């Protein structure tokens, strides 16, 4: 049950909003593992506010199932956001500990939850796992608190000895610490049975209390959940690596802590006909994968962030047969699919957290932004509802639509929480995120400032990019000009865009920035400048090699791995100036600056060097 009553508007209309979506959950019992007479029963109660689903059967391989559920729980509980030291909550906890020393166990637990509600209200802002029963599989979905990790566990029905008929649908299940503790006690020598439903479960749970609560979900969390799933529908590069390759990667991360200075990315080097190479920054550790060669036609280097989140896969890794990597591009979401027989775990990493507004604003442009329910979308979703899952070609044929129109409708449905793309089987599945339709207008933008930024961009003359300059070892410095007719004012936003898409420095002449800096988030003018630059970059990449005569500003990075290390060239064209830096990665680079009388002469020199490097086998590693 969903209550979408808007929260009270802030006094400052320009302030970043923190809207919430109230989701009511009601269960007929507490999900848990009950041990009895040499067997264990996993009882999962569904949300009674949603359509009833049903499945029951004996699990043939309890141990992989145990480890897979443990990965899901770790994703739900994960939060990789930066946490500054704050002793206020700790001191309050110490006082609580002293006060509750003489209380009974359940009283002390309730006192802790009361303290948690007062001191960490965000601990309650995660939706219970979404579980779906489909004709071919059972799957669970979760999304982390920091909006950085999406996980989907798929289990084929061949992993069960089914008992009774299946009832298809989607619901939420109560995945509490009680259930997690019970899952840890699953053993291979004990028969384990799974029951999913709301009424009449084969298992009589201990106490069998009714559970009812309301979760206040941040709209940004809901939006992030939907967008990560929608990202799977975008064009991507897919490679397969062996399970031992991922193990070696995780081992390197476990033995080495990240440094404050230096990169934290994974660089995936893809050369046609060669096995992919994974390079770990800043140690420049090269992992030669041992699976199939890269089958693509274009050599490329893809940078990925969020690598520490991969540690959450470690428990399921011993059972994995292979690992598929789905790469959308540098700094964009990536998907990792572990295949372990009848079990498949999909881990989606956004590459950024909620604090990284620079990358998230750029990512938004990759997907259609609409709050409309079009006739084409209704037609496609109606067909999919009957089939439960289908490929794009089958849906287009059944709906009598062009494949491009069907894809657009499915992307819109995915962004609206009605459809997911199953990346490990390349099919679309019907899966409503909530029981009631979401307020699409509230999901269209993250906050009021983002809405204002896009309103400014709608006026072609309101936002201008005055200058952009490449500063080696720092990034790209952007200076913009924003004219706000309603205020009769002109603002000058400036920002430095780092190589990984993060914002290194930002400032603006508006009152909001002068008063709060970035403590209250970026102003609309900074967001507008960042989005404008992302739009320009997309046009430049689309036109690469097609209209060189129109290029006046561009930067590229080329790399080539040799016996002594990775040779790197950084080229930068800025109107009449052409700069080159080269040398081994990790060492001081040599610099050459050339100045020309005309932009055309600088452009010719720039592309001459580009063609020369590509002819020598250098890879374009431009983010």
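The values are calculated or read from the model by the stated rules, or taken from the named source; none is laboratory data. No experiment lies behind these values; they were computed from the predicted model shown. So basically every Cβ, Gly included, is an ideal-geometry build from the backbone, and we count neighbours across all protein chains shown.
So the values come out like this:
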| quantity | calculated |
| --- | --- |
| Filter result for the condition that a residue is surrounded by fewer than 19 Cβ atoms within 10 Å (Cβ to Cβ), touching a helix residue (DSSP H, G or I) at 6+ places or on another chain (Cβ under 9 Å) and within 23 Å of residue 502 (Cβ to Cβ), over 450, 477, 468 | 468 |
| Check on residue 166, in contact (Cβ under 8 Å) with a residue 12 or more places away in the chain and under 20 Å from residue 58 (Cβ atoms) | yes |
| The stretch 343-357 - residue that is at pLDDT 70 or above and more than 10 Å from the chain's Cα centre (by Cα) and, of those, farthest from residue 318 (Cα to Cα) | 346 |
| Strands (runs of 3 or more DSSP E) contained entirely in the stretch 510-623, each with at least 2 residues that are surrounded by fewer than 17 Cβ atoms within 10 Å (Cβ to Cβ) and at pLDDT 90 or above | 577-584, 590-595 |
| Failed criterion for residue 250 (all others in (1) modelled with pLDDT of 80 or more; (2) within 25 Å of residue 414 (Cβ to Cβ) hold) | (2) |
| Conditions (1) surrounded by fewer than 20 Cβ atoms within 10 Å (Cβ to Cβ); (2) part of a loop (DSSP other than H, G, I, E, B); (3) touching a strand residue (DSSP E or B) at 6+ places or on another chain (Cβ under 9 Å): number failed by residue 213 | (2) |
| Count - residues of the stretch 49-60 that are part of a loop (DSSP other than H, G, I, E, B) and buried (at least 17 other Cβ atoms within 10 Å of the Cβ) | 3 |
| Options 367, 266, 328; residue that is modelled with pLDDT of 85 or more, in contact with a helix residue (DSSP H, G or I) (Cβ under 6 Å, 6 or more places away or on another chain) and under 22 Å from residue 503 (Cα atoms) | 266 |
| Selection within the stretch 136-161 - closer than 21 Å to residue 174 by Cβ and not in a strand (DSSP E or B) | 144, 145 |
| 3 or more residues modelled with pLDDT of 90 or more: qualifying helices (runs of 4 or more DSSP H) within the stretch 377-481 | 392-399, 403-415, 448-458 |
| Tally of residues being more than 30 Å from residue 224 (Cβ to Cβ), in a strand (DSSP E or B) and out of contact with any helix residue (DSSP H, G or I) (no Cβ under 6 Å at 6 or more places or on another chain) across the stretch 21-44 | 7 |
